[in-house]
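A short write-up of the structure that comes next.
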Amino acid sequence: MKKLTPVRIIGRIFTSILIFILCLLIFVICTVSTVFRGPSDTMRTLLVSSLMETSAMKFVPRAFFSDEEIDAMMKGNTDAYNAYIDSIEEIEITILQKDSVEASEDNGTGITIEDVYGETYCGKMMIIDDPTRVSIQVIDTFSETGEGFFLRDLANADGVVAAFNGGGFLDNLGTGNGGMPLGVTIKDGELLADYAWECPVTVGFDKNKKLIVGSFTGKQALDAGIVEACSFGPVLVKNGTVTPISGSGLNPRTAIGQRADGAILVLAIDGRQPHSLGATYNDIAAIMEDYGAVNAANLDGGSSSMLFYEGELINSLGSAVGERKIPTAFVVR
């Protein structure tokens with residue numbers, strides 16, 4: 001019998017680890033393949049949609065399906081965006097009355113935080129009574145090779161009570177540094193970016209802090225009186241009517257809405273974790289409807305989905321590598 005030297009022991013440990021990783025990889029591939037090629041169209045579409053909504057995992061469904069097959073499964077999402085390419089004249093916005101805001105049970109802070117639960121998710125709903133406290137923050141310089149900011153740093157800035165992530169950004173292969181926002185970006189009435197994007201939805205405020213959601217070019221947004229905005233989507237609620245959306249998966253989500261009394265609704269859903277797989281677009285649209293949203297839209301989600309309150313992250317970040325840098329965010333002062 002050969003004597004176990006330290007080198008042999010280390011070698012056996014590494015061999016055992018490699019065998020475990022290989023077995024785990026085979027198990028994952030077989031499981032994914034079973035779902036993709038199995039009899040359940042619902043499970044197949046849900047898994048494909050969940051993976052295609054990520055930045056780094058799109059290659060998995062593409063290894064099993066053609067682009068045409070994936071497009072067919074994701075068609076519901078595309079339709080939900082395209083359904084809101086309106087002319088300015090067709091966009092109806094409910095006039096909000098800030099004077100009717102009543103004090104919440106929040107010890108006088110004007111901010112209420114509640115837990116939300118569903119079959120596949122849990123998360124937080126933040127209600128901000130006064131919409132004038134909410135504004136968009138952007139990085140100083142936009143660049144495809146530049147970097148964004150960490151939301152944690154913004155959340156700990158002087159005078160900031162809460163902060164949450166904003167619009168999408170250039171993120172090729174999941175390696176983006178948050179230096180270039182996609183779609184329309186407006187700050188202080190100035191159009192800072194109108195980066196070409198296939199299905200952007202503009203999410204922003206006019207000068208009266210009325211939340212406006214819809215598909216705009218940069219010029220259309222300015223013509224509509226939007227003074228600060230970022231882009232993502234889809235629209236969840238428009239003029240009090242929920243948007244039915246098919247084809248979305250289970251993922252971490254961030255969404256913003258506004259009630260008829262002007263209060264801002266901020267929803268952060270945990271995802272990609274054992275305690276919370278995530279939510280679909282229909283899930284978060286239903287939550288917004290339950291909370292009385294007149295207008296609401298989905299913001300960037302996934303690994304970017306973060307909600308800070310008094311300097312602390314109050315949702316559970318769905319990323320194993322930690323916080324990402326982003327170019328746009330909302331703050332509450």
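What does the charge count near R324 come to, summing +1 for each Lys or Arg and -1 for each Asp or Glu among other residues with Cβ under 10 Å from its Cβ?
Its environment carries a net charge of -2.
For the pairs K124/K209; K187/K209; K124/K187; K209/K325; K209/K238; K187/K325, note any where the Cα-Cα span goes beyond 25 Å.
Over 25 Å apart, Cα to Cα: K124/K187; K209/K325.
Using the Cβ atoms and a cut-off under 14 Å, what net charge is assigned to the surroundings of T120, where Lys and Arg are +1 and Asp and Glu are -1?
Taking every Cβ under 14 Å from that of T120, the sum is -1.
Karplus couplings for region 316-333 from phi (6.51 cos²θ - 1.76 cosθ + 1.60, θ = phi - 60°), rounded to Hz, Gly and Pro as x?
9, 5, x, 9, 7, 9, x, 5, 9, 7, 10, x, 9, 7, 10, 10, 10, 10
Taking θ = phi - 60°, what integer Hz values does the Karplus form 6.51 cos²θ - 1.76 cosθ + 1.60 yield along region 175-189, in sequence order, with x for Gly and Pro?
10, x, 9, x, x, 9, x, 9, x, 8, 10, 10, 9, 6, x
Show the residues, 5+ positions off or on another chain, whose built amide H is closer than 5 Å to the amide H of S215.
Residues meeting the amide H criterion: D86, T202.
Given R₀ = 51 Å, what would the calculated FRET efficiency be for R8 paired with E69, taking r from the Cβ atoms and rounding to 0.05?
Once rounded, the FRET efficiency stands at 0.55.
Amide H to amide H under 5 Å from T328: which residues, 5+ apart in sequence or cross-chain, H placed 1.01 Å off N in plane?
G166, G167
Kindly provide the Kirkwood hydrodynamic radius of region 233-333 in Å, to one decimal, from all pairs of distinct alpha carbon atoms.
Every distinct Cα pair counted, the radius reaches 13.9 Å.
If you plug each phi of region 275-287 into the Karplus form 6.51 cos²θ - 1.76 cosθ + 1.60 with θ = phi - 60°, what whole-Hz ³J(HN,Hα) values come out, in order, with x for Gly and Pro?
With coefficients 6.51, -1.76 and 1.60, one gets 7, 7, 6, x, 10, 8, 4, 5, 4, 6, 5, 5, 5 Hz.
Name the chymotrypsin sites (Phe, Trp or Tyr not before Pro) in region 188-284 that are in a loop by DSSP and that have at most 13 other C-beta atoms within 10 Å, would you?
Here no chymotrypsin sites (Phe, Trp or Tyr not before Pro) fit, given the DSSP loop and packing criteria.
Readers should treat all values here as calculations from the given coordinates under stated rules, not as data from a laboratory. None of these values were measured; they are calculated from a predicted model. Using ideal geometry, Cβ is built from the backbone for each residue, glycine included, and neighbour counts are taken over all protein chains shown.
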